[in-house]
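Here's the structure we're looking at; comments come further down.
The values are calculated or read from the model by the stated rules, or taken from the named source; none is laboratory data. Computed from a predicted structure; not experimentally measured. Cβ placement follows ideal geometry from the backbone for every residue including glycine, while neighbour counts extend to all protein chains displayed. With ligands, DNA and RNA removed, areas are computed over all heavy atoms of the protein, side chains included. Shrake-Rupley method; radii C 1.70, N 1.55, O 1.52, S 1.80 Å.
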Amino acid sequence: MLKFLLVACTLIFSTAAVHAQEKAGIREGFEAADISGEKIVLFRPDIQVGEQSMGGMFEPRAEWTTEARRLIEAELERAQARLTNEVVKLPELYGDDADLLAEHQALFETVIDAIVEYQFFVGNRLPTQKKGSFDWTLGTGTARLAELSGANYGLFIVTEDHYGSTGRKILQFAAAGLFGAGVQSGVHKGAAGLIDLRTGNILWLNADLQMGGDVRDPDGVEKRVGQLLEDFPGSVDEGE
């Protein structure tokens, strides 16, 4: 076991992720007034929940994911009271249209990873982004999603949670005791992005590698959705 812990610690320390220093971006020139009165289509959130093995691998848990989806979708409906726009769900798609949506959902997540790595972490910022300009797009293929939904704007949401297994927690304890070093137990990341479906441009993004709120219980989901939609363009406080 000790030998395994030594190897695991070496791998983890050598591949440790660098966390983002920034969490939000907004396209230059975009203002909340630009979407005033516009309908926004909410695409089905991509939700993944599972355990993190001792070695850091993700092991999906279907029951956790199902419960998290139920709670998050219910909380998103309640959260719409804080938004000034009408937010509608996209009807079920089939065939090529369903494939198109799946492709753009996957593309959104890929682009988010790039934004976090090469813009939100200032040390890795690309030369074209050195001045902090936020200029990212999913491409003009989203125009078809505008046709299908009847909305000019779309909201993508993704959350991914890995809860540390017993083995992972043992490794965390051993690493601290043997090496005086920290090993992360658990992964909790999420992102929400507002897209101009006519152009594919990302207008507003909130992405965090260390989100709060346990998505397996109602109170935690309320916190998570609140963080995902924090400073959403045109949003208002419930007390206003």
Just need log10 I(q)/I(0) for the stretch 26-106 at q = 0.13, 0.24 Å⁻¹, Debye formula, equal scatterers on the alpha-carbon atoms, no solvent, rounded to two decimals. -0.65, -1.18
Simple SL model, points at 7 angstrom along Cα→Cβ for ALA33 and LYS89; separation in nm is 3.5
Note: ASP135 to GLN210 extended length (0.36 nm per residue) minus current alpha-carbon separation gives 24.6 nm
Scan around ARG44 for amide H atoms under 5 Å from its own, H built in the peptide plane at 1.01 Å from N, and keep only partners 5 or more places away or cross-chain. LEU90
Ordering 196-203, 61-68 by per-residue average of other C-beta atoms within 10 angstrom, highest first, gives 196-203, 61-68
Solvent-accessible surface (1.4 angstrom probe) belonging to LYS223, in square angstrom, nearest 10: 110
Dividing the alpha-carbon radius of gyration of the stretch 187-240 by 2.2 N^0.38 Å (N being the number of residues), what value is obtained? 1.29
Just grab the label-to-label distance for ALA24 and SER53, each label 7 Å out from Cα along the Cβ direction, in nm (one decimal). 3.8
For the stretch 28-68, with all protein chains present and a 1.4 Å probe, just round the carbon and sulfur fraction of the accessible area to a whole percent. 48
Using per-residue counts of other Cβ atoms within 10 Å, averaged over each peptide, order 152-162, 109-119 from highest down. 152-162, 109-119
State whether the stretch 20-59 is rounded, prolate or oblate according to the following rule on the C-alpha gyration tensor (a ≥ b ≥ c being the square roots of its eigenvalues): a/c under 1.5 gives rounded; otherwise a/b larger than b/c gives prolate, and the remaining case gives oblate. oblate
